[in-house]
Amino acid sequence: MNPIGNKEKQLRKLPGVDRLLESIREEPAYSETPKSVLVEAIRSVIEKTRARILQAETSDNEIDTGLLLSAVRRKITGAMKPNLKKIINATGVVVHTNLGRSLLAEEAMERVREVATGYSNLEFDLEKGRRGLRYSHIENILCEISGAESAMVVNNNAAAVLLCLETMASGKEVIVSRGELVEIGGSFRIPDVMAKSGCILKEVGTTNRTHPKDYEEAIHENTGLLLKVHTSNFAITGFTSDVSLPEMVKIGRRHNLPVMEDLGSGMFIDFSRYGLTREPTVQDSIHAGTDIVTFSGDKLLGGPQAGIIVGKKEIMENIRKNPLTRALRIDKMTLAALEGTLRLYRDPKTAVRNIPTLRMITDSYEQIRQKADQLAGMLEEQKDSRLTLDRKKIFSKTGGGALPLLDLPSAGLGIRIQGMTADGIEKALRKNDPAIIGRIEDDLFILDLRTVQHDEFSMIADALRLILAQSGK
Ligand SMILES: *Cc1c(COP(=O)(O)O)cnc(C)c1O
């Protein structure tokens, strides 16, 4: 047959938008669906089919109204689902930046619900009956926990660093050790932030060793600040030496210069009590006399995305007055979630029990192994000989650019399905609703139970049942 003539014939056969719209609107399932969604789905299906006809990729029987309508229905279903949605994190990485970092504690969520769905005293002083400050709600609790004189919060830690540098040292030199010029994922690099804040970066020392005299010698009349950056996402080991915060504070005092620390993943709890490596806490930094300390709300702290600033009152007043503060300000939902989270820190035991991030990091291997057994039991109920489970002792990471050297012993469940590769299983689970994200080690797809919640077990079982049913065809 003449292919050109066939194309024309097929194009003529293709129904118009109006005709498909009429059919789909008669279906009760779509009676409430906005017309714009229906039209968009139909248009996209027709356009795709038209393109395939022009590429001579279609056969005559594909241009069937029934088939086109099924494609339209699938499109509509996809369009009606939110894009940002729940997934199951079976990677074992607790603070996973790509998967939403920290899970909020129930207590924090309750605060958000109350404050977001009703009016609040966000910027109203109930004592005095006049305008108040939005930061006042968390300042006291932050000072109480950290021991700082003063505190405030902005959108995230990157913003906190930018704001503090701009306030304290714009146009001046900021001295940083070469070993601390870090890049954090998502292209946050200390030298770039420094440039944006109008400060001049003055690197001292070498990658592996920096000494007090390196700072001393770099100080001159245009020096504005000494900055310490917590190298939270990597570690330099071997022949190393860095200048401790107390030493830096001493140098700062001697030259009348403020000292700032970007702690990155700040925390209030000494993890060494739970058998983990000791990370510097916010209290350590304040105790050392650091003038300004910044850290994230949603890394190891386990709260909402926020950049927390604690430190000296005098400097904080200047930070508050900086017009950038308005551009970087946090909203009431974040404030509510942060207050709810911070209140849990008044009792470290409650914090570790109720803040999901802390709970998952401190869960013992034995606790996680029990979870793996429970899930394995549920999956074995399916009694499908094509499914093989492989209990594995593995290691998880805290993530969030924190504790880079720490391997947390964890329990994993390796999943094999006859006729499927590890990549195939990974893809099928990733395309499930909700998506299940695991990892592949030595050609085995593994679910790391550290970050899987109990109420997700049945969703994983359903997903595997579906995959087995589909692969059986
Ligand atoms: C993560 C991190 C930041 C950025 O914090 P965000 O809250 O992600 O903006 C800045 N500095 C250090 C050292 C970090 O680890």
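A compact table of results
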item	result
Sparse-neighbour loop sites [GluC sites (Glu not before Pro); region 379-473; at most 15 other C-beta within 10 Å; DSSP]	E381
Order of exposure, largest accessible area first, which applies to T277, T398, T117 with probe 1.4 Å	T117, T277, T398
Note, ³J(HN,Hα) from phi for region 265-270, Karplus 6.51, -1.76, 1.60, rounded to Hz, x at Gly and Pro	8, x, 8, 9, 10, 7
Region 107-354: relative contact order in percent, alpha carbon pairs under 8 Å with at least 6 residues between	27 percent
Cα-based Rg and Dmax for region 107-354, where Dmax is the largest Cα-Cα distance (Å)	18.2, 60
Which of M378, M316, M80 is most accessible, then next, and so on - probe 1.4 Å	M80, M378, M316
Angle between the chain longest axis and helix 457-471 axis [Cα atoms, degrees, rounded to 10]	40 degrees
Nearest-ten-degree value, helix 365-380 long axis tilted from longest Cα axis of the chain	10 degrees
Angstrom value of the Kirkwood radius, inverse mean 1/r, which spans all Cα pairs in region 77-168	17.1 Å
R0 of 35 Å, Cβ-Cβ distance S136-R273: FRET efficiency to nearest 0.05	0.65
Value of Rg/Rh across region 249-291 [Cα atoms, Kirkwood radius]	1.09
Semi-axes of the equivalent ellipsoid for the chain, Cα gyration tensor, largest first, Å	50, 29, 24
Sequence-separation-based contact order of region 83-179, relative, with Cα cut under 8 Å and 6+ spacing, percent	10 percent
Rounded to the nearest 10 Å², the accessible area of E114 at probe 1.4 Å	110 Å²
Y365 - accessible surface, heavy atoms, 1.4 Å probe, Å² rounded to 10	60 Å²
J(HN,Hα) series, region 25-42, from Karplus relation 6.51 cos²θ - 1.76 cosθ + 1.60, nearest Hz, glycine and proline x	6, 7, 7, x, 4, 10, 5, 9, 6, x, 4, 4, 5, 4, 4, 5, 5, 5
Rounded tilt (10° steps) of 332-344 against the dominant C-alpha axis of the chain	60 degrees
Pair R386, R346: separation of 7 Å Cα→Cβ label points (nm)	5.6 nm
Average projection area in nm² (convex hull over Cα atoms of region 387-473, one quarter of hull surface)	6.1 nm²
Rg/Rg_globular for region 257-322, with Rg_globular taken as 2.2 N^0.38 Å and Rg from C-alpha atoms	1.18
The chain: antiparallel DSSP beta bridges as a percent of all, rounded to 5	60 percent
Accessible-area order (highest first, 1.4 angstrom probe) of the listed residues R50, R12, R439	R12, R50, R439
Projected area averaged over orientations for region 3-80, convex hull of C-alpha atoms, nm²	4.8 nm²
Built amide H within the under 5 Å cut-off of V95, gap 5+	G399, G400
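The values are calculated or read from the model by the stated rules, or taken from the named source; none is laboratory data. Only a predicted model underlies this, so the values are computations on that prediction, with no experimental measurement involved. Using ideal geometry, Cβ is built from the backbone for each residue, glycine included, and neighbour counts are taken over all protein chains shown. What goes into the accessible areas is simple: the full protein's heavy atoms, side chains included, and nothing from ligands, DNA or RNA. Shrake-Rupley method; radii C 1.70, N 1.55, O 1.52, S 1.80 Å.
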